[in-house]
1. Determine if region 239-254 includes at least one residue that is farther than 30 Å from P369 by Cβ and in contact (Cβ under 8 Å) with a residue 12 or more places away in the chain.
2. Identify the single condition in (1) surrounded by fewer than 16 Cβ atoms within 10 Å (Cβ to Cβ); (2) assigned to a loop (DSSP other than H, G, I, E, B) that E162 does not satisfy, given that it satisfies every other one.
3. Do we find that L43 is farther than 25 Å from N243 by Cα, in a strand (DSSP E or B) and modelled with pLDDT under 95 in this structure?
4. Can you tell me which residue among R361, R331 is away from the ligand (no atom under 12 Å from the Cβ), part of a loop (DSSP other than H, G, I, E, B), open to solvent by 10 Å² or more (accessible area, probe 1.4 Å) and not polar (S, T, N, Q)?
5. Could you please find all residues in region 1-40 being among the β-branched types (V, I, T) and either open to solvent by less than 50 Å² (accessible area, probe 1.4 Å) or assigned to a helix (DSSP H, G or I) (or both)?
6. Name every residue in region 253-308 that is under 26 Å from the mean Cα position of the chain (by Cα), more than 30 Å from R361 (Cβ to Cβ) and of a type in the set (V, I, T), in order of residue number.
7. Mind listing just one residue for me: the one in region 231-286 that is touching a Ser or Thr at 6+ places or on another chain (Cβ under 8 Å) and aliphatic (A, V, I, L, M) and, of those, surrounded by the most Cβ atoms within 10 Å (Cβ to Cβ)?
Amino acid sequence: MAAAATEVQGIDLFDYRQSQTMHDVTRAWRASTPIVRLGPKLLYLARWHDCWEVLRDPHTFGNANGFKVVDIPEEERSLGEMDPPRHPALRRVMRTGFTRNFVAGQREYARVRADALVAAIAAQPKAELVSELCDRLPNDVSLHMLGVPEADSHRIIEWAKELLHSDWTWKHETDRGFGIVGSFPEFSAYLDELVDERRRPDAPDDVISRLVKSEFEGKPLTRTVLRTLCVQLIVGGFSTGTNMLGNLFYRLLREPALHARIKSEPALIPAAVDESLRLDPPVVFILRNVMRDTTLRGIPLAQGERLALGILSANRDEEIFPDPDAFRFDRGAAQHLAFGGGAHLCIGASTARLVGCEALRAFVARFEPGEIALAPDYRYHGVPVFLEHGPERLDVEIARPTRH
Ligand code: HEM
């Protein structure tokens, strides 16, 4: 008789109070029942190798419609909501906007912004790091790459938040209407205008210009596709980047020895960013659809079932990461799944790492360990979003604010 996935009741992945803090539960699953049935059509994969096997096979384990419960019109699908053959073809187009040199060219901007935001924090006796740094830097860098004016950053943050917290994320519509245009008419009009400006011969070299000049299936990208890709590029790196920085600074604020070590050895900064992403992934799981009957670890999976790939669990799989709960600098090449993997590996991973490194560099350069500390009455609350993991606020006090 074929093995069956173990059924577990009472775990609701779509309840953020559970999904962000499942470490004890997932540790036990990894040890005894690595593939768990959480509902009639939903299974959770707790081990790294199982997640990886699924990620590397986009034909058997698909993405179509992502988290949405309706069929999305093809042109309105983000890359994460597409399957082959459209996905690899459009992903190639998208990557022309994210060449290694182009991303590396953003470092100077990220450095200057990080220094300015950290300096503004250091000038006050009290600050709130999520809104004053973690929200701002990833968004500003993404917008800079896209070619959006910095002065519009606040507006875009508001639109991105509205979108990420709306029914659109699962219904593809809101009370205002269907799709991006119906649900967010102001945001859509703003993006369409940006795209139109990039059609001019003197348009600057940014990601939107590169996409406007690209061809897909022998034709320029349509207005709808361009708008959809812009939305994904703005929101894809927004709350994820915020949570990456929030998790990193929350740890540093609680562990002054770690702060001191990084300050004295800045060469450790890239490893620290990746280790934080491993231990505290901003996205705690991703979904895949089983496209045809198959098996995994001898367990039958039926077409139409959904798999939750437990990034939070896989990133602490003791088979891949010895001493998995420890923050270590010597783990070598990043094997963690914070950016997913395989065909849908995050397109913004190098941008996100650049942002993480510049934020951490600016922070440890400006503050001595212990000079900035969590407020005495601070209480951790996670962001109220089931898929995400990060602090909602980081209220801090600064021992000796610097005067300008
Ligand atoms: C710390 C920051 C980030 C994290 C943790 C993160 C996480 C992820 C994950 C887990 C996926 C895979 C989803 C899946 O397989 O279903 C993904 C895909 C993606 N990310 Fe990110 N991301 C981050 C930053 C960014 C940034 C800055 C951008 C854009 C500038 C971006 C754009 C994308 C895009 C376009 C995809 C879809 C790729 C595809 O489906 O082919 N991300 N991201």
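The values are calculated or read from the model by the stated rules, or taken from the named source; none is laboratory data. Computed from a predicted structure; not experimentally measured. Note that each Cβ is placed from the backbone with ideal geometry, even for glycine, and that neighbours are counted across all protein chains shown. Surface accessibility is based on the protein's heavy atoms, side chains included, excluding ligands, DNA and RNA. Shrake-Rupley method; radii C 1.70, N 1.55, O 1.52, S 1.80 Å.
1. Quick first cut of region 239-254, residues farther than 30 Å from P369 by Cβ only: none.
Scanning region 239-254 turns up no residue that is farther than 30 Å from P369 by Cβ and in contact (Cβ under 8 Å) with a residue 12 or more places away in the chain.
2. (2)
3. Numbers: farther than 25 Å from N243 by Cα: yes; in a strand (DSSP E or B): yes; modelled with pLDDT under 95: no.
Spelling it out, it is not the case that L43 is farther than 25 Å from N243 by Cα, in a strand (DSSP E or B) and modelled with pLDDT under 95.
4. Values: R361 fails: part of a loop (DSSP other than H, G, I, E, B).
Unique residue meeting the criteria: R331.
5. Going residue by residue through region 1-40, those that are among the β-branched types (V, I, T) are 6, 8, 11, 21, 25-26, 33, 35-36.
If the condition is that a residue be among the β-branched types (V, I, T) and either open to solvent by less than 50 Å² (accessible area, probe 1.4 Å) or assigned to a helix (DSSP H, G or I) (or both), then V8, I11, V25, T26, T33, I35, V36 are the ones that fit.
6. Result: V290, single match.
7. Filtering region 231-286 for residues that are touching a Ser or Thr at 6+ places or on another chain (Cβ under 8 Å) and aliphatic (A, V, I, L, M), the one surrounded by the most Cβ atoms within 10 Å (Cβ to Cβ) comes out as M244.
Residue by residue, here is whether (1) more than 22 Å from G179 (Cα to Cα); (2) assigned to a loop (DSSP other than H, G, I, E, B); (3) away from the ligand (no atom under 11 Å from the Cβ); (4) among the polar types (S, T, N, Q) holds:
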{"site": "E197", "(1), (2), (3), (4)": "yes, no, yes, no"}
{"site": "P201", "(1), (2), (3), (4)": "yes, yes, yes, no"}
{"site": "P204", "(1), (2), (3), (4)": "yes, yes, yes, no"}
{"site": "R210", "(1), (2), (3), (4)": "yes, no, yes, no"}
{"site": "V225", "(1), (2), (3), (4)": "no, no, yes, no"}
{"site": "T228", "(1), (2), (3), (4)": "no, no, no, yes"}
{"site": "V231", "(1), (2), (3), (4)": "no, no, no, no"}
{"site": "I234", "(1), (2), (3), (4)": "no, no, no, no"}
